[in-house]
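S.K.: Input: one structure, supplied below.
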Amino acid sequence: MLKDQLQNKINSKTKPLGALGLLEEIALQVGLIQQTTEPFIARPTIMVFAADHGIAETGLVNPYPQSVTAQMVLNFLNGGAAINVFTQMHQLQLMVVDAGVNADLSHLVQPNFIHAKQGMGTANYLNAPAITTEQVTSCIQKGKELVISVAKDGCNCIGFGEMGIGNTSSAALIMHAITGIPMQECVGRGTGANDAQLMTKINTLEKAAAFHQLHSLGNEPFALLSAVGGFEIAMMVGAYLAAATEKMVIVVDGFIATAALIVAVQIDPTIINNCIFAHCSDEQGHANMLQHLKAKPLLNLSLRLGEGTGAALAIPLIESAVAFLIQMASFEQAGVSTASE
């Protein structure tokens, strides 16, 4: 049985049993994902989905203006963001996807920039569905296509990031609907809200939850995405689905990326077998969401930036886990006595 073969290989390395801790669990998981005792990580990639949210134009859930989304996309393309620093440092591929930014970016031509705009931001979900059911389907399909494309280029390890002013609010609503956790435990400060702004945000999202009767949509992923949206979140759902189908190692980033994952898990629960959880975000609610998934995050660095930064920091650990499994000598190879000897 492959699991036993992998575990025996891990245990035979020149170290006390379990001495490499979580790295041993990762090595085992990657081997099972790839169905081999000789796993490898190839062309690890971070794919950042960017989109705008109609709710952000009200100023009720975000202190930063909506225009920051487009400005940050330009920052990604100019190499000036945290995700650029980390992907360059760790030699990761970076792709930026316009899933629905409320700005005309059609003039931008770069190899790592993907034009996949589904609309000029979503509608304000306080008084209407954020996106149509047709747009949900289109987003999911596009997310699948993008991942299949990088898989064909040889990528077998992928992390998803996001950029979108107001998207922690959509993530909180999704979390509330699926997990049933009270709203105030799902909502965090997002992009720097103070105490008064946080209370306004919670009250606003309570109204949105009531308007869409989110308590009834926890098991209806397409309807939930349509209600509170996020073009980038819906596209990420499709990306997760395809990554699992392609037998890729999926590195799950922070609060918003995990919210997209719990939607994807509603569609295909087996996706979780491919997921390695990069970190526990400092955004309120992420720890509860990870607990809901019975996930064990690798890092706890009080991050709450998004962009896929946590995933980019975790991928070198995954590479290290695979490297010890392949390169480290066994007791027999090294001529080292085992404990029993």
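S.K.: Of the residues that make up segment 264-285, is at least one over 19 Å from LYS142 (Cα atoms), free of Cβ contacts under 8 Å to residues at least 40 places away in the same chain and small (Gly, Ala, Ser)?
M.R.: yes
S.K.: Out of all the residues in segment 21-31, which are surrounded by fewer than 19 Cβ atoms within 10 Å (Cβ to Cβ) and of a type outside the set (D, E, K, R)?
M.R.: Answer for segment 21-31, where residues must be surrounded by fewer than 19 Cβ atoms within 10 Å (Cβ to Cβ) and of a type outside the set (D, E, K, R): GLY21, LEU22.
S.K.: Determine if segment 110-132 includes at least one residue that is surrounded by fewer than 17 Cβ atoms within 10 Å (Cβ to Cβ), of a type in the set (Val, Ile, Thr) and in contact with a helix residue (DSSP H, G or I) (Cβ under 8 Å, 6 or more places away or on another chain).
M.R.: yes
Rundown of residues vs (1) among the small types (Gly, Ala, Ser); (2) surrounded by fewer than 24 Cβ atoms within 10 Å (Cβ to Cβ); (3) in contact with a helix residue (DSSP H, G or I) (Cβ under 9 Å, 6 or more places away or on another chain); (4) within 30 Å of THR36 (Cα to Cα), yes/no style:
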| residue | (1), (2), (3), (4) |
| --- | --- |
| ARG189 | no, yes, yes, no |
| ILE233 | no, no, yes, no |
| GLY238 | yes, no, yes, yes |
| THR258 | no, no, yes, yes |
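S.K.: Moving on to the next point. Could you list, ordered by first residue, the pairs with Cβ atoms under 8 Å in which the first is in segment 69-98 and assigned to a loop (DSSP other than H, G, I, E, B) and the second is of a type in the set (Gly, Ala, Ser) and crowded, with 18+ Cβ neighbours inside 10 Å, at least 6 apart or interchain?
M.R.: HIS90/ALA312; LEU92/ALA312
S.K.: If you take just the helices (runs of 4 or more DSSP H) that sit entirely in segment 275-341, which of them hold at least 3 residues that are of a type outside the set (Asp, Glu) and within 25 Å of ILE41 (Cα to Cα)?
M.R.: Per the criteria, 309-327.
S.K.: Determine whether THR36 is at pLDDT below 95 and either of a type outside the set (D, E, K, R) or surrounded by 21 or more Cβ atoms within 10 Å (Cβ to Cβ) (or both).
M.R.: no
S.K.: Based on what the data block shows, is THR258 touching a residue at least 24 places away in the same chain (Cβ under 8 Å), in a helix (DSSP H, G or I), within 17 Å of MET289 (Cα to Cα) and not aromatic (Phe, Trp, Tyr)?
M.R.: Values: touching a residue at least 24 places away in the same chain (Cβ under 8 Å): yes; in a helix (DSSP H, G or I): yes; within 17 Å of MET289 (Cα to Cα): yes; not aromatic (Phe, Trp, Tyr): yes.
Yes: the conditions hold for THR258.
S.K.: Also, I was wondering about something else. Just checking, which of GLY54, GLY59 is without any contact (Cβ under 8 Å) to a residue 40 or more places away in the chain, closer than 23 Å to CYS186 by Cα, surrounded by 14 or more Cβ atoms within 10 Å (Cβ to Cβ) and not polar (S, T, N, Q)?
M.R.: None of the other options fit; the residue is GLY59.
S.K.: Could you say which residue among ALA295, ALA259, ALA278 is modelled with pLDDT of 95 or more, within 12 Å of the chain's Cα centre (by Cα) and within 23 Å of GLY21 (Cα to Cα)?
M.R.: Details: ALA295 fails: within 12 Å of the chain's Cα centre (by Cα); ALA259 fails: within 23 Å of GLY21 (Cα to Cα).
Selected residue: ALA278, the only one of ALA295, ALA259, ALA278 that is modelled with pLDDT of 95 or more, within 12 Å of the chain's Cα centre (by Cα) and within 23 Å of GLY21 (Cα to Cα).
S.K.: Out of (1) more than 16 Å from the chain's Cα centre (by Cα); (2) surrounded by fewer than 24 Cβ atoms within 10 Å (Cβ to Cβ); (3) touching a residue at least 24 places away in the same chain (Cβ under 8 Å), what's the single condition that is false for GLN213?
M.R.: Only one criterion in (1) more than 16 Å from the chain's Cα centre (by Cα); (2) surrounded by fewer than 24 Cβ atoms within 10 Å (Cβ to Cβ); (3) touching a residue at least 24 places away in the same chain (Cβ under 8 Å) is unmet by GLN213, namely (3).
S.K.: Counting only residues that are assigned to a loop (DSSP other than H, G, I, E, B), in contact with a strand residue (DSSP E or B) (Cβ under 9 Å, 6 or more places away or on another chain) and not basic (Lys, Arg), which one in segment 30-45 is nearest to GLN5 (Cα to Cα)?
M.R.: It comes out as PRO39.
S.K.: Let me ask something else. Identify the single condition in (1) surrounded by fewer than 24 Cβ atoms within 10 Å (Cβ to Cβ); (2) over 25 Å from GLN91 (Cβ atoms) that ASN156 does not satisfy, given that it satisfies every other one.
M.R.: All conditions pass for ASN156, except number (2).
S.K.: Could you pull out the residue among ALA116, ALA130 that is aliphatic (A, V, I, L, M), closer than 29 Å to ILE202 by Cβ and in contact (Cβ under 8 Å) with a residue 60 or more places away in the chain?
M.R.: It is ALA130.
The values are calculated or read from the model by the stated rules, or taken from the named source; none is laboratory data. Only a predicted model underlies this, so the values are computations on that prediction, with no experimental measurement involved. Methodologically, a virtual Cβ is constructed for each residue, glycine included, from the backbone with ideal geometry; neighbour enumeration extends over all protein chains shown.
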